[in-house]
1. Condition check: surrounded by fewer than 22 Cβ atoms within 10 Å (Cβ to Cβ) and either hydroxyl-bearing (Ser, Thr, Tyr) or within 19 Å of Asp64 (Cβ to Cβ) (or both). Does Ser145 satisfy that?
2. Among the listed residues Leu170, Leu196, Leu190, Leu163, which satisfies the condition of being modelled with pLDDT under 85 and within 20 Å of the chain's Cα centre (by Cα)?
3. If I go through the range 161-184 residue by residue, how many of them are surrounded by 24 or more Cβ atoms within 10 Å (Cβ to Cβ) and among the hydroxyl-bearing types (Ser, Thr, Tyr)?
4. Could you look through the range 223-256, keep only residues that are among the polar types (S, T, N, Q) and closer than 19 Å to Gly207 by Cα, and pick out the one that is surrounded by the fewest Cβ atoms within 10 Å (Cβ to Cβ)?
5. Just checking, does the range 33-55 include any residue being within 30 Å of Pro157 (Cα to Cα), at pLDDT 85 or above and of a type in the set (Gly, Ala, Ser)?
Amino acid sequence: MNIYLHEFKTRLSSVLIWSGSIAALIFVFLSMFQAFAADAAMVDDLMKAFPEELLIAFGMTDMDWSTILGFFGLLFTFAQICLAIQSANYGVGLVSVEETEWTADFLLSKPVSRTRIMTSKLLAAITSLAITQAVIWVCSFAFISIFRQGQTYQVKPVVLLLLSMIIFQLFFLTVGMLISLLVKRVRNVLPISMGLVFGLYILNAFGSMIGEKSLEILSPFQHFSPSYIIKHAAWDWSLVMISVAAIIISVVGSYVLYSRRNIPSAV
């Protein structure tokens, strides 16, 4: 439990920054909805001005920006990138930070099993992500209520979008953790986490533009596409299960690799 508390306290300032930043993003973005809702024709002209490939790449097809639901879906596309970076940062740095700071041998010298260390760290990271998700839930419904301009909207798609954060962030957390254990030593968390997030985002965008489904299914950005969820008020479970499978494989692989990993000594 001490490891869990230490990990959580260490990450708390980061959690507050990420939560506050995404909350501010939601507020600023939804505050602009009035301008879009006031002139639906202007919105249609704006959409037509964008190249179709660009709309596809950013997942902006099948979204009506003149409705609060469509506008929130567009916002959520950008929020997903922030959520992915946060999760990947936590995942890559989960067990590699001690090696980077040359404190891993000190931690492992304690009478605690590696399995318990890994579990405590993972639970602390999941708790941190849960706090961010809770903030986003509250801010989303609060700001939608404030800025919806009297429009009615379906609650189910919003709930499904917000619920998707759980699997979506677990994907980047666990895959980032696995990647950090596959490399010999992580010297800097950011390049790996950013490469993972934007690599999968670009893969999804490129696959969407050329219509190559085999590329799209590799990316969780496609598994939880806001445009699909809003249009169908449902998840595409065939794609969601790919993310779930990746999470399970990453967790199992990470435990196996960590239990066998040679930890560098500071001496």
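The values are calculated or read from the model by the stated rules, or taken from the named source; none is laboratory data. Since this is a predicted model, take the numbers as computed values, not measurements. Positions of Cβ are backbone-derived with ideal geometry, glycine not excepted, and every protein chain shown enters the neighbour counts.
1. So Ser145 passes the test.
2. Only one candidate passes the filter, namely Leu190.
3. Residues that pass the stated criteria total 2.
4. Here the answer is Ser238.
5. No, the range 33-55 contains no residue that is within 30 Å of Pro157 (Cα to Cα), at pLDDT 85 or above and of a type in the set (Gly, Ala, Ser).
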